[in-house]
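Undergrad: There's a structure below that I have some questions on.
Just so it is clear, none of the values below were taken in a lab; they were calculated from the coordinates. As the structure is a computational prediction, the values presented were derived from the model and not from experiment. Please note: Cβ atoms are built from the backbone with ideal geometry, for glycine as well, and neighbour counts cover all protein chains shown.
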Amino acid sequence: MSDVREVTLEELRHLVSERALSGETMLLNMGPQHPSTHGVLRLLLELDGEIVVNCIPDIGFLHTGVEKNMEAKTYQKAEVMTDRLDYLYNIGNNLVYSMAVEKLVNLDVPPRAQAIRVILTELSRIASHLIWLGTSALDLAAMSVFLYGMREREYILDIFELVSGQRMMTTYVRPGGLWRDVPVEFEDAVRNFLKIMPKRLDEYEALLTKNELFLDRTKGIGIISKEDCLAYGLSGPILRAAGMAYDLRKARPYSGYEQYDFDIPTQTDSDIYARYLVRVEEMRQSLRIIRQALDTLPFGPVRSNNYKFVPPPRSEIGTSMEALIHHFKLWTEGFSAPKEYVHAAVESPRGELGVYLEGDGGPKPLRVHYRTPTFVNLQALPLLTRGHFVADVVGIIGSIDIVLGDADR
Amino acid sequence: MLVEWIIKSVVIVLFMTAGFAYVTLYERRLLARMQTRIGPNRAGPFGLLQPVADGIKLIFKEELVPHNADKLIFTLAPVITVIPALIITAVIPWGDTLTIGGTKITLYLTDVNIGILYLMAVTSISVYGITLAGWSSNNKYALLGGLRATAQMISYELALGLSFVGPILIAGSMSLLDIVKAQSSIPFILLQPAGFIIFFLASLAEVNRAPFDMPEAEQELTAGYHVEYSGMKFALFFMAEYIKLIAVAMIGSTLFLGGYQGPFVDQFPILGPVYLFAKVIIWLGVFIWLRATLPRIRYDRLMAFGWKIMFPIALLNVLVTAVVLVLVGG
């Protein structure tokens with residue numbers, strides 16, 4: 001442990017203002033165990049009364065070494081780790097990793113698999129936004145919305161369980177397609193959800209959108225200009241609430257998003273309320289995409305038939321020698337990827353989720369790096385919170401929609 | 001006479017403490033119902049033994065005192081908070097005079113002719129408990145909670161006090177019994193709608209209930225002033241809060257909803273406590289409903305609301321009431 005660098009207190013003094021050193025302002029440690037830091041974010045707040053003079057975010061309490069661990073696993077096995085990153089957008093994490101692998105080894109994905117991927121990632125987006133809606137409303141003490149959001153999220157998790165056998169850690173999207181085709185009950189389950197959800201969204205809006213107390217707590221708070229958003233590299237609903245219609249689903253369509261008709265909601269106020277409106281509208285747009293994808297869901301295989309990279313179906317193993325060999329090779333050694341690097345990105349509920357994947361010619365990746373939206377968006381927290389009340393800090397953290405698993409890989 | 005007083009005092013204190021336990025259950029069950037949950041239903045039928053289980057748990061919990069806390073004040077603070085809450089209901093009439101076998105029993109502990117002043121004086125004491133708890137814990141969150149509580153109470157006590165003036169003027173007395181009797185034909189909520197609304201809002205702030213629960217503000221200050229308390233000391237704060245909740249509901253019912261008045265209460269005085277009880281239940285239900293629905297208002301907005309809106313309206317209400325009374329009463 002010789003390379004642990006010791007930092008003296010002197011070196012950290014610049015983080016707080018002169019007034020904190022003289023005791024004029026109060027330093028308040030918020031987190032890592034605090035109900036409103038959404039996990040284990042730690043904030044060092046410098047307070048003048050209840051007004052935030054400075055806010056220093058401190059991350060790393062949920063660091064699990066996922067990226068490093070992935071280097072020690074074959075391409076298929078490493079995918080299981082990706083579920084654990086952004087634990088509210090598991091299918092999207094799978095998807096972006098699979099897309100990177102597909103790019104690296106040139107795999108085609110059948111159209112049916114593409115459409116199911118879209119349906120599931122959009123469901124995942126709604127589930128994530130429901131958690132965001134609930135927790136950020138809970139941060140402002142509107143506690144019922146949280147439980148209503150959880151109720152609807154349950155439908156989505158049931159659908160995930162139906163298709164993959166798991167509620168959250170699905171690993172359902174695989175390089176080259178999907179693990180298996182969706183069961184017959186899938187369509188009814190999704191249609192049922194599509195029928196219920198719009199009414200429920202109206203209910204949430206009835207509780208919050210025109211609620212005077214909610215408006216009071218969200219309007220004009222946590223404003224960031226479009227220029228600052230771009231300078232900090234913020235993406236997702238924060239950027240769209242600042243007036244820029246940037247969404248990877250439109251800007252660089254993947255998985256066949258170009259076939260579907262949907263809008264990118266934007267707002268111009270760039271405060272907590274604008275982000276709220278953007279996310280609520282995004283849920284409606286997601287429902288629109290799911291409906292279209294389900295209506296036009298093509299029949300056909302859900303996995304590439306390139307058995308060098310995709311395990312052959314179980315039925316063929318008993319009859320085909322070649323399939324047995326492929327199966328054996330894939331699950332013992334894995335497939336080799338060229339010594340190249342690729343980048344793939346999807347629009348996560350929080351912003352741009354990118355993955356950089358570098359192969360070393362063997363069956364294991366040389367480097368996997370996730371460009372996670374939470375990590376980047378958290379940078380703006382000091383800027384957003386300065387000059388606001390402590391009570392608003394929790395609202396602002398909620399409006400960024402942080403998932404600490406996403407920030408600390 | 002003394003024996004009667006002692007019996008009544010014991011009954012009131014026991015009622016309030018048992019009431020506290022069951023208000024927590026009522027709140028948890030009703031809140032659960034509103035939030036598509038079930039709520040505690042395991043201990044006893046309908047979860048009726050849940051408060052007992054909670055109480056036993058809290059009694060056997062270790063009581064921690066922070067290392068640098070001011071131990072005397074730290075221990076004293078919950079007591080200062082809970083005692084005013086317990087004695088507050090002494091002046092509230094539960095009913096009129098009941099005759100059992102020739103003995104007349106009054107269904108109230110005492111009828112002080114300055115009952116309302118007593119209420120205001122006693123409710124003001126409990127804020128000391130909260131402030132001292134926040135200060136003595138030697139914790140920054142607790143300190144912020146304590147400061148908020150002080151600021152909040154000062155801003156609301158005035159509006160609360162002024163909302164009492166309407167009923168006093170109409171009834172022409174500061175005795176709560178007289179105020180209830182003056183409402184035998186028409187409850188004061190119809191004569192004093194503005195006063196009622198001010199009382200309702202101010203009393204929410206007074207008992208630190210949502211949306212005015214800033215001193216606790218779980219999401220911001222984790223638990224505010226009682227963040228360092230554990231075991232029975234913690235329970236005492238909760239006890240004070242819920243007893244005050246019942247007390248405020250009782251005061252509100254007495255001042256504006258006709259107290260123990262109701263149909264046939266003249267023939268059967270025993271109905272008095274039943275009516276009062278029903279009104280208190282409804283009142284508490286509204287408090288719980290608000291908690292389930294509304295976000296918390298921000299601390300500075302609460303102060304602005306208290307001083308800039310509630311206080312002037314309360315003053316105006318007093319003025320209008322007085323002028324109308326002079327004109328009508330001649």
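Undergrad: Please list, in order, the residues from region A:324-350 whose amide nitrogen is less than 19 Å from a point placed 7 Å along the Cα→Cβ vector of residue A:366.
TA: Counting only backbone N, you get A:335-344.
Undergrad: Among A:199/A:226; A:68/A:308; A:219/B:308; B:244/B:308; A:73/A:329; A:210/A:250, which pairs are too far apart, with a Cα-Cα distance over 23 Å?
TA: Numbers: A:199/A:226 33 Å; A:68/A:308 26 Å; A:219/B:308 21 Å; B:244/B:308 26 Å; A:73/A:329 15 Å; A:210/A:250 30 Å.
Over 23 Å Cα-Cα: A:199/A:226; A:68/A:308; B:244/B:308; A:210/A:250.
Undergrad: If you don't mind, another one. Which of the helices in chain B, when you take each full DSSP H run, stretch at least 30 Å along the axis at their Cα atoms and have an average Kyte-Doolittle score of 0.5 or higher? It would help to have the intermediate numbers written out before the result.
TA: On the way: long enough: B:2-34 (46 Å, 1.15); B:115-136 (33 Å, 1.38); B:140-171 (46 Å, 1.08); B:231-256 (37 Å, 1.47); B:271-293 (33 Å, 1.56).
Those that clear 30 Å and a mean of 0.5 are B:2-34, B:115-136, B:140-171, B:231-256, B:271-293.
Undergrad: Could you check the simple spin-label distance between residue A:319 and residue B:10, using points 7 Å along Cα→Cβ, in nm with one decimal?
TA: Distance between label points: 8.9 nm.
Undergrad: Take the alpha carbon atoms of region B:239-310, find their center, do the same for region A:167-240, and report the distance between the two centers in whole angstrom.
TA: Each part's Cα centre sits 39 Å from the other's.
Undergrad: If you don't mind, there's one more thing I want to ask. Can you check what the net charge comes to around residue A:154, using other residues whose Cβ is under 14 Å from the Cβ of residue A:154 (Lys, Arg +1; Asp, Glu -1)? Please list the in-between numbers first.
TA: Numbers: positive: A:151, A:153, A:167, A:200, B:37; negative: A:152, A:158, A:161.
So the surrounding residues net to +2.
Undergrad: Within region A:276-360, report the trypsin sites (Lys or Arg not before Pro) that DSSP leaves as loop and that have at most 14 other Cβ atoms within 10 Å.
TA: A:308, A:339
Undergrad: Oh, and also: Just to check, using Stokes-Einstein with a Kirkwood Rh over alpha carbon pairs, what's the diffusion coefficient of the protein assembly as shown at 10 °C and 1.306 mPa s in µm²/s?
TA: Working: Rh = 29.3 Å.
After rounding, the answer is 54 µm²/s.
Undergrad: Between the alpha-carbon centers of region B:158-188 and region A:262-330, tell me the distance in whole angstrom.
TA: 68
Undergrad: If the reach is capped at under 16 angstrom between alpha carbons, list the lysines near residue B:104, excluding any in the same chain fewer than eight residues apart.
TA: B:8
Undergrad: Here is a further query. Given the Cα atoms of region A:23-164, and with Rh set as the inverse mean 1/r over their pairs in the Kirkwood sense, what is Rg to Rh to two decimals?
TA: Working: Rg = 19.7 Å, Rh = 18.1 Å.
Ratio of gyration radius to Kirkwood radius: 1.08.
Undergrad: Only helices at least 20 Å long along their own axis, judged from Cα atoms, and with Kyte-Doolittle mean hydropathy of -1.0 or greater: name those in chain A from DSSP H. Could the numbers behind the result be given before it?
TA: Working: long enough: A:90-105 (23 Å, 0.50); A:111-139 (41 Å, 0.50); A:143-164 (32 Å, 0.48); A:185-208 (34 Å, -0.38); A:272-295 (35 Å, -0.19).
Span-like helices here: A:90-105, A:111-139, A:143-164, A:185-208, A:272-295.
Undergrad: With no solvent and one equal point scatterer placed on each C-alpha of chain A, evaluate the Debye formula and give log10 I(q)/I(0) for q = 0.12 Å⁻¹, two decimals.
TA: Scattering profile of chain A, log10 relative to I(0): -0.97.
Undergrad: On alpha carbon coordinates alone, what is the Rg over Rh value for region B:64-329, Rh being the Kirkwood radius? Before the final figure, lay out the partial values.
TA: Details: Rg = 19.4 Å, Rh = 19.3 Å.
Taking Rg over the Kirkwood Rh, I get 1.01.
Undergrad: Could I get the Rg over Rh figure for region B:71-174? Both from C-alpha atoms, Rh via Kirkwood, rounded to two places. Don't jump to the answer; show the numbers that get you there.
TA: Values: Rg = 18.0 Å, Rh = 16.0 Å.
Value, to two decimals: 1.13.
Undergrad: Mind sorting B:227, B:52, B:180, B:318 by how few other Cβ atoms lie within 10 Å of their own Cβ, fewest first?
TA: Details: B:227 23, B:52 13, B:180 28, B:318 19.
Fewest-to-most ranking of B:227, B:52, B:180, B:318: B:52, B:318, B:227, B:180.
Undergrad: Here's another thing I want to ask about it. Using 1/(1 + (r/R0)^6) with R0 = 56 angstrom and r between the beta carbons of residue A:227 and residue B:56, what's the FRET efficiency to the nearest 0.05? Before the final figure, lay out each step's value.
TA: Numbers: r = 60 Å, r/R0 = 1.07.
Rounded to the nearest 0.05, the efficiency is 0.40.
Undergrad: While we're here: Please list the equivalent ellipsoid semi-axes of region A:163-281, computed as the square roots of five times the alpha-carbon gyration tensor eigenvalues, in descending order and whole angstrom.
TA: Values: eigenvalues 204, 94, 33 Å².
Here the semi-axes work out to 32, 22, 13 Å.
Undergrad: Classify region B:1-62 as rounded, prolate or oblate, taking a ≥ b ≥ c as the square roots of the eigenvalues of its Cα gyration tensor: rounded when a/c is under 1.5, otherwise prolate if a/b is larger than b/c and oblate if not. Present the calculation step by step, with values, prior to reporting the outcome.
TA: Values: a/c = 3.28, a/b = 1.93, b/c = 1.70.
Verdict is prolate for region B:1-62.
Undergrad: Go through region A:261-333 and name the GluC sites (Glu not before Pro) that are in a DSSP coil and have 15 or fewer other Cβ atoms within 10 Å of their Cβ. Can you show the working numbers first?
TA: Details: sites: A:281, A:282, A:316, A:322, A:333; in loops: A:333.
Here the GluC sites (Glu not before Pro) that fit, given the DSSP loop and packing criteria, are A:333.
Undergrad: Taking the Cβ of residue A:335 as the center, what net charge do the other residues with Cβ under 9 Å away carry, scoring Lys and Arg +1 and Asp and Glu -1? Mind showing how you got there, number by number?
TA: Details: positive: A:308, A:329; negative: A:333.
Every neighbour counted, the sum reads +1.
Undergrad: A further question on this structure: For region A:98-167, what is the convex hull volume of its Cα atoms per residue in Å³? Can you show the working numbers first?
TA: Working: hull volume 6.6 nm³, N = 70.
Spread over its residues, the Cα hull of region A:98-167 gives 94 Å³ apiece.
Undergrad: A follow-up question, please. Does region B:1-153 come out rounded, prolate or oblate, given a ≥ b ≥ c as the square roots of the eigenvalues of its C-alpha gyration tensor, rounded meaning a/c under 1.5 and, failing that, prolate meaning a/b above b/c? Could the numbers behind the result be given before it?
TA: Numbers: a/c = 2.06, a/b = 1.27, b/c = 1.62.
Oblate, since a/c reaches 1.5 and b/c is not below a/b.
Undergrad: Once every DSSP H run of n ≥ 4 in chain A is given -39500 (n - 2.57) and the sum is divided by its residues, what mean residue ellipticity at 222 nm do you get, rounded to the nearest 500 deg cm²/dmol? List each step's numbers first, then the result.
TA: Numbers: 19 runs with 201 residues, N = 409.
Value at 222 nm, helices only, nearest 500: -14500 deg cm²/dmol.
Undergrad: If you don't mind, there's one more thing I want to ask. Measuring from label point to label point, each 7 Å out along Cα→Cβ, what is the residue B:83 to residue B:319 span in nm?
TA: 4.1
Undergrad: So, one more: With viscosity set to 1.306 mPa s and temperature to 10 °C, compute the Stokes-Einstein D of region A:9-58, Rh being the Kirkwood radius across alpha carbon pairs; µm²/s, no decimals. Could the numbers behind the result be given before it?
TA: Values: Rh = 11.3 Å.
This corresponds to a translational diffusion coefficient of 140 µm²/s.
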